[in-house]
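Engineer: Here it is: the structure, laid out below.
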Amino acid sequence: MKSSHATPGTTASPETCPAARRHSPQPRPDLPELDRLERLLAQASGELRVQVLANVTDGASEYPLYALQLGNPDPAAAVLLLSGGIHGVERIGTQLLLTQLEALMARLPWDQGLQEDLRHIRIVICPLLNPAGMARGSRANANGIDLMRNAPQNADDPGVWLLSGHRIGAWLPWYRGAPGLPMQAESAALCELVNREIAGAPLCLSLDCHSGFGMRDRLWFPYAGSTRPLEQLADVHALVKLYEEANPHHRYLFEPQCHQYRTHGDLWDHLYQQHLLRQQACPGRPAVFLPLTLELGSWLWVRKNLRQIISFRGLFNPLVPHRHRRIMRHHNSLFDFMIRATRSWQSWLPGEADRNTEQQQALQRWYRNSQ
Ligand SMILES: [Zn+2]
């Protein structure tokens with residue numbers, strides 16, 4: 001079972017997807033999330049711009065990687081980037097994004113506030129980044145590679161053996177791929193998209209949706225491979241403070257990912273490093289990139305329904321309909337906040353006078369034990 005690598009000739013270049021080509025011609029296994037997405041695309045108005053970043057195959061079927069855009073196409077516009085399904089078994093993240101996308105499309109014809117927001121910002125959505133893995137019900141892609149361990153960099157301070165990513169073989173979970181190979185088509189497509197979309201943006205917030213860890217819903221920021229503070233920590237702190245003041249009864253746990261586990265090859269660490277390199281090359285044009293990961297606390301669902309523990313899928317997804325519905329509506333305020341924070345970035349991003357205060361508060365909150 002093979003999927004295409006990010007080598008010339010095997011990865012499709014991004015293309016605008018006209019309505020006639022929106023349906024993959026190949027028969028494929030039951031994948032309701034991709035069917036739901038393609039139904040939405042077939043009905044969507046012209047305001048939703050559709051690209052196929054690449055096509056991946058598991059040897060039997062071919063799957064498109066869709067990137068959807070709403071709002072201002074100007075490269076200098078602020079960007080909100082939403083992604084999910086990079087771990088195929090974590091279907092709930094893709095379902096959450098599809099629900100949000102359907103809601104946005106339903107609001108767009110009448111919601112003047114949203115219309116105004118989209119005149120200023122661009123929302124980029126990749127709801128299903130590992131369709132071959134999702135069709136197989138696996139975390140990895142069709143090559144057995146964990147895409148969130150697939151970037152080339154090693155962790156400064158790797159965590160638990162195997163879990164942090166390894167190069168032993170695809171028969172073990174958390175496999176990074178063989179050394180020296182280019183990134184997988186799915187990882188490369190995401191990185192290319194993000195680098196392209198944020199290269200000229202003064203601000204990009206991103207939210208990558210996952211599930212499968214912990215009793216609480218967490219919002220992680222880099223680094224996953226290092227315990228050192230993020231370079232734009234002051235900005236992260238300002239954003240978190242903004243959210244907490246606006247949502248005093250929220251139940252998210254904000255923290256750097258390294259507080260829970262550390263990994264090699266994290267794509268968001270990699271993309272953040274590329275962002276910093278762009279900043280060094282272009283110091284006169286400061287830009288902020290804050291990549292967040294929403295890690296849905298699936299252990300709580302397992303505790304409330306022990307039948308889930310005997311199902312691999314149940315370790316990552318709610319199996320009870322009312323809990324599924326609750327998750328679908330529980331995060332509305334977060335997505336709404338992300339849109340507003342992207343739209344109004346000039347109002348909350350700390351200026352020079354406030355940066356040191358934000359930085360000190362952030363260090364005290366998240367890195368007290370490592371100082
Ligand atoms: Zn995940």
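Each value in this text was obtained by applying a stated rule to the coordinates, not by laboratory testing. Nothing here was measured: the structure is a model prediction, and the numbers come from that model. Cβ placement follows ideal geometry from the backbone for every residue including glycine, while neighbour counts extend to all protein chains displayed.
Engineer: Taking the Cα centre as origin and putting +1 on Lys and Arg beta-carbons and -1 on Asp and Glu beta-carbons, what dipole magnitude results for the chain, to the nearest 20 debye?
Structural biologist: 960
Engineer: Need one number: nm distance between label points at S347 and T227, each 7 Å from Cα along Cα→Cβ, rounded to one decimal.
Structural biologist: The modelled label-to-label distance comes out at 3.9 nm.
Engineer: If you stretched the chain out fully between D74 and A42, how much longer would it get, using 0.36 nm times the residue separation minus the C-alpha to C-alpha distance?
Structural biologist: 9.0 nm
Engineer: Can you tell me the order of 94-103, 240-249, 52-61 when each peptide is scored by its average per-residue count of other Cβ atoms within 10 angstrom, highest first?
Structural biologist: Per-residue Cβ counts within 10 Å, averaged per peptide and sorted highest first, yield 94-103, 52-61, 240-249.
Engineer: Next question. In percent, what relative contact order does the range 15-370 have, based on Cα pairs under 8 Å that are 6 or more apart in sequence?
Structural biologist: Once normalised by length, the contact order is 19 percent.
Engineer: Write down the percent of antiparallel bridges among all DSSP beta bridges whose residues are both part of the range 15-370, to the nearest 5.
Structural biologist: For the range 15-370, the DSSP antiparallel bridge percentage is about 40.
Engineer: Can you give the FRET efficiency to the nearest 0.05 for E116 and H324, using r as the Cβ-Cβ distance and R₀ = 41 Å?
Structural biologist: Efficiency for this residue pair is about 0.80.
Engineer: Let me ask something else about it. Hey, can you grab everything whose amide H is under 5 Å from the amide H of G84? Only 5+ residues off in sequence or another chain; H modelled, so Pro and N-termini drop out.
Structural biologist: C126, L128, L129, C209
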